[in-house]
1. Which of the residues belonging to the range 177-199 are open to solvent by 60 Å² or more (accessible area, probe 1.4 Å), part of a helix (DSSP H, G or I) and not polar (S, T, N, Q)?
2. Output the residues belonging to the range 227-247 that are open to solvent by 70 Å² or more (accessible area, probe 1.4 Å) and in a helix (DSSP H, G or I).
3. Quick one: Ser165 ticks every box in (1) of a type outside the set (D, E, K, R); (2) in a loop (DSSP other than H, G, I, E, B); (3) closer than 24 Å to Val285 by Cβ except a single one, so which number is it?
4. Is there any pair with a first residue in the range 5-17 that is under 15 Å from Ser87 (Cβ atoms) and a second that is open to solvent by less than 10 Å² (accessible area, probe 1.4 Å) and of a type in the set (Phe, Trp, Tyr) whose Cβ atoms are under 8 Å apart and which are 6 or more apart or on different chains, and what are they?
5. Could you please let me know if Leu250 is within 21 Å of the chain's Cα centre (by Cα), farther than 14 Å from Ile98 by Cα and either aliphatic (A, V, I, L, M) or not in a helix (DSSP H, G or I) (or both)?
6. Of the residues that sit in the range 124-153 and are part of a loop (DSSP other than H, G, I, E, B) and open to solvent by less than 10 Å² (accessible area, probe 1.4 Å), which one is nearest to Ala75 (Cα to Cα)?
7. Would you check if there is a residue in the range 200-215 being in a loop (DSSP other than H, G, I, E, B), at positive phi and either free of Cβ contacts under 8 Å to residues at least 12 places away in the same chain or surrounded by fewer than 23 Cβ atoms within 10 Å (Cβ to Cβ) (or both)?
8. Residue pairs, Cβ under 7 Å, 6 or more apart or interchain, first in the range 284-296 and over 18 Å from Ala306 (Cα atoms), second β-branched (Val, Ile, Thr). List them.
Amino acid sequence: MKSFSGKLAVVTGGGTGMGRELAKQLAAEGCHLALCDVSRENMEATRAACLGLAPAGTRVSLHDCDVSVEAQVLAFRDGVAREHAASCVHLLFNNAGIAGGGSLLLDDRAEWEKTFGVCWYGVYYTTRAFLPLLVAAPEAHLVNTSSVNGFWASLGPGVPHTAYSAAKFAVKGFSEALITDLRLNAPHVKVSVVMPGHVGTSIVSNSGSVLGRPSPKEMTAEDLRPLRERMARQGIPADAVSDDLLRAGLEQLARDFLDKAPLSAAAAATIILDGVRAERWRILVGDDAKALDQRVREEPEEAYEAAFMERLRRAGLFGGIQAFTDPVDGGGG
C-alpha cells in the first residue's frame, strides 16, 4: 500500500500521542479516518487538526469506545461501517494503550486487569471485529502497537512491570503468528507489529485518568503510601520527603516523559507509516528501541539483572526508563 489517499483507516487511541499523529499524517494524504478513544474532548482536538491538514472531502468520524470492552468495540465497528457507508476498511491501527498494574503481588487486581485488558484485549477484540472488513478490501494492513516491553519485560530491576509487559508480549506474538495465518488465508492483508522505545506521549497522565487514579495534585497521604513503601524497600528514607515534594515529583515525571523524549509522537508516526508502505512486519521505533533490541538478543540471560540496566544507563539509552526507575515513579510506560 504505497498511497493512503482515498483509503479508510481505523485508529484506536486516536485522541492523543501517536494515535493523533498517525491520524494527522494520514489525513494530510487524503485518507478517511475513524477514530476511537475514551476522551471525546481529545478526539475533537484530533479531528480539528486533521481537517486543517486534509484535502476537501476527507471524512473523520469520532467514536467513544473503551477497547477493553468487546461490546463497545463491536458498536465502534458498526458505527464506522454506518458513518462511512463502508463495506471495507483498508487500515487498522491498534494503537490504544495504558500503563499500570506493575506488580502482580502488590497492585490492585482491577488495575492490573484493566491495563492488560486495554493493551491486549483491545488489540484482540478490535482485530476480531474489523477483520472481515479488512479482508473485504482489495488491499489492507493491520498495524498492532506492542512496545520494547514486548521483548524486554522490564523498566529496570527496581520496578515491577508485569501487566503492561505481559500484554505487549501477547501483542507481539499474536502479530507474528498472523503473518502466516494471513499469508495462507488472506494474502492481500498485511500485518505489522510496532515496538516503540521512549516516545513523547501523555501515557503517564492518561493512564492515571483511565485507571481512576487521582491526579498528583489531588493525591492524599494515603494515596502516596504505596510510593513511600516502595521508596523504603529501595532503601530511600521516605520520611524525609514531604507529601508536596512527592506530588511535585509525580507531576514532573509526566511532563518529562512527554517533553524530554528522544523521539516525538509525530516522528514515531512517520516511522510507522513508512514501515507500512514498505510492508515491514516488524517496525522498531527509535534508536533506543533498536539498541535495546540488539542488547537483549546479545545478552538474554543478563537482561533482568542490575548490571544490564547500568550498562544501558552508561550508554545513554532509555531516558524514559530511567525516569520510571526514579523513586517518584507512578507506574509503567
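1. Residues satisfying the conditions are Ala177, Asp181, Arg183, Leu184.
2. Answer for the range 227-247, where residues must be open to solvent by 70 Å² or more (accessible area, probe 1.4 Å) and in a helix (DSSP H, G or I): Glu229, Arg233, Asp239, Ala240, Asp244, Leu245.
3. (2)
4. So the pair list comes out as Val10/Phe93; Val10/Phe130.
5. Considered against the rule, which asks whether it is within 21 Å of the chain's Cα centre (by Cα), farther than 14 Å from Ile98 by Cα and either aliphatic (A, V, I, L, M) or not in a helix (DSSP H, G or I) (or both), Leu250 comes out as yes.
6. Ala137
7. Yes.
8. Short answer, once both residue conditions are applied: Val285/Val194; Val285/Val199; Val285/Ile271; Val285/Ile272; Gly286/Val199; Ala289/Val148.
The values are calculated or read from the model by the stated rules, or taken from the named source; none is laboratory data. For clarity, every value in this text was computed on a predicted model and none was experimentally measured. Ideal geometry is used to build each Cβ from the backbone, glycine not excepted, and the neighbour counts take in all protein chains shown. For the accessible areas, the whole protein counts, side chains as well, though only heavy atoms, and no ligand, DNA or RNA atoms are used. Shrake-Rupley method; radii C 1.70, N 1.55, O 1.52, S 1.80 Å.
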